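The values are calculated or read from the model by the stated rules, or taken from the named source; none is laboratory data. Quick caveat, the model's predicted, so the values are computed rather than measured. Positions of Cβ are generated from backbone atoms using ideal geometry, with glycine treated the same way; all protein chains shown enter the neighbour counts.
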Amino acid sequence: MEKKEQLYEGKAKKVFVTEDPEKLIVSYKDDATAFNGLKKGTISGKGAINNRMSNFLMGMLEKHGVPTHFVEELNDRETVVKKVSIVPLEVIIRNISAGSFAKRYGVEEGIAFEEPTIEFSYKNDDLGDPLMNSYHALALKLATKEEIETIKAMAFRVNEVLKAYFLNLGIELVDFKLEFGRLSDGTIVLADEISPDTCRLWDAKTHEKLDKDRFRRDMGGVEEAYQEVMRRLMGE
Ligand code: ADP
Ligand code: UDP
């Protein structure tokens, strides 16, 4: 399968149409942004790591019964995915307090929750991805009630599978963001990516950060952290 014209260039990926109207090719970039695009930089080798890691994790989720957009990895940076109409919600699951949760509620980072939490942000860069609940999403007709129920159930299932998988590798899955989309027949599948750009991952022993927070917070060792997660996942 080959790339045809570019459909979209986002902050971390380019998206191309293909000869198959139901398939797209995504191409992962090394570009990194934070704080709604205010902070910009590059993380050398990130595109290849995120591509391979996201495909690996989505393949694993498929085996656990979670439908995803993943079709085929073409090369280091490029993957064929099923074309979806993205539900404009960022679905965030949290197991441990961090980031905007800690800030919003005035608590420290690192409080482990008894039960995971779920929240939605409206995927809209102009508005800065505002937080919203499922009633707001329904009112704005971003998704139907059934779709929201499906998305919630799938997101918690993804958490169960990933949390256990990462813990086995000595990594705590602190929180993460998912995106879902509709196939042409309306089926909801997991889309976009799962990577250290979209997950907070802490070493289970030392609590060292192994994710994009190293970039957001100018902590250094960003490339090394991404490589370390990759090494633990794939033994390389
Ligand atoms: P952003 O748009 O936030 O800058 P990216 O650079 O990651 O993000 O761009 C990838 C875009 O492709 C995102 O808008 C994402 O919602 C969209 N996308 C991800 N998977 C699919 C898919 N299977 N079909 C259609 N669009 C997708
Ligand atoms: N996240 C993401 N994209 C976004 C916002 C958040 O991938 O546009 C991820 C982020 O990496 C973290 C989780 O979602 O793993 C929760 O992020 P949070 O709400 O704490 O926001 P942040 O601290 O990134 O502003």
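Data table
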{"read-out": "Single residue of the range 1-20 satisfying the filter (under 16 Å from Glu72 (Cα atoms) and of a type outside the set (A, V, I, L, M, F, W, C)) that is farthest from the chain's Cα centre (by Cα)", "value": "Glu19"}
{"read-out": "Within the range 62-168, helices (runs of 4 or more DSSP H) holding 2 or more residues that are away from ligand 2 (no atom under 16 Å from the Cβ), in contact (Cβ under 8 Å) with a residue 24 or more places away in the chain and touching a helix residue (DSSP H, G or I) at 6+ places or on another chain (Cβ under 9 Å)", "value": "145-168"}
{"read-out": "Yes/no for Ser121 being surrounded by 12 or more Cβ atoms within 10 Å (Cβ to Cβ) and out of contact with any strand residue (DSSP E or B) (no Cβ under 7 Å at 6 or more places or on another chain)", "value": "no"}
{"read-out": "Filtered residues of the range 196-228 (kept if polar (S, T, N, Q) and either modelled with pLDDT under 95 or within 13 Å of ligand 2 (Cβ to nearest atom) (or both))", "value": "Thr198"}
{"read-out": "Some residue of the range 11-24 being within 16 Å of ligand 2 (Cβ to nearest atom), of a type in the set (Gly, Ala, Ser) and over 25 Å from Arg157 (Cβ atoms)", "value": "no"}
{"read-out": "Among the residues listed as Lys46, Lys40, Lys11, Lys29, the single one being within 13 Å of ligand 1 (Cβ to nearest atom), in contact with a helix residue (DSSP H, G or I) (Cβ under 7 Å, 6 or more places away or on another chain) and free of Cβ contacts under 8 Å to residues at least 60 places away in the same chain", "value": "Lys29"}
{"read-out": "Gly170 being more than 11 Å from ligand 1 (Cβ to nearest atom) and among the small types (Gly, Ala, Ser)", "value": "yes"}
{"read-out": "When residues of the range 183-194 are limited to those that are surrounded by fewer than 17 Cβ atoms within 10 Å (Cβ to Cβ) and within 12 Å of ligand 1 (Cβ to nearest atom), the one farthest from Gly65 (Cα to Cα)", "value": "Ser184"}
{"read-out": "Residue count, the range 195-223 (criterion: of a type in the set (A, V, I, L, M) and surrounded by fewer than 20 Cβ atoms within 10 Å (Cβ to Cβ))", "value": "2"}
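Every residue, every condition in (1) farther than 18 Å from Ile25 by Cα; (2) of a type in the set (S, T, N, Q); (3) in contact with a His (Cβ under 9 Å, 6 or more places away or on another chain); (4) surrounded by fewer than 19 Cβ atoms within 10 Å (Cβ to Cβ), yes or no:
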site	(1), (2), (3), (4)
Met58	no, no, yes, no
Glu90	yes, no, no, no
Ala98	yes, no, no, no
Gly106	yes, no, no, yes
Ala143	yes, no, no, no
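To keep it simple, each residue is scored yes or no on (1) touching a Phe, Trp or Tyr at 6+ places or on another chain (Cβ under 7 Å); (2) polar (S, T, N, Q); (3) under 18 Å from Ile194 (Cβ atoms); (4) part of a loop (DSSP other than H, G, I, E, B).
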{"residue": "Lys4", "(1), (2), (3), (4)": "yes, no, no, yes"}
{"residue": "Phe16", "(1), (2), (3), (4)": "no, no, no, no"}
{"residue": "Asp20", "(1), (2), (3), (4)": "no, no, no, yes"}
{"residue": "Gly37", "(1), (2), (3), (4)": "no, no, no, yes"}
{"residue": "Gly41", "(1), (2), (3), (4)": "yes, no, no, no"}
{"residue": "Asn51", "(1), (2), (3), (4)": "yes, yes, yes, no"}
{"residue": "Asn55", "(1), (2), (3), (4)": "yes, yes, yes, no"}
{"residue": "Gly59", "(1), (2), (3), (4)": "yes, no, yes, no"}
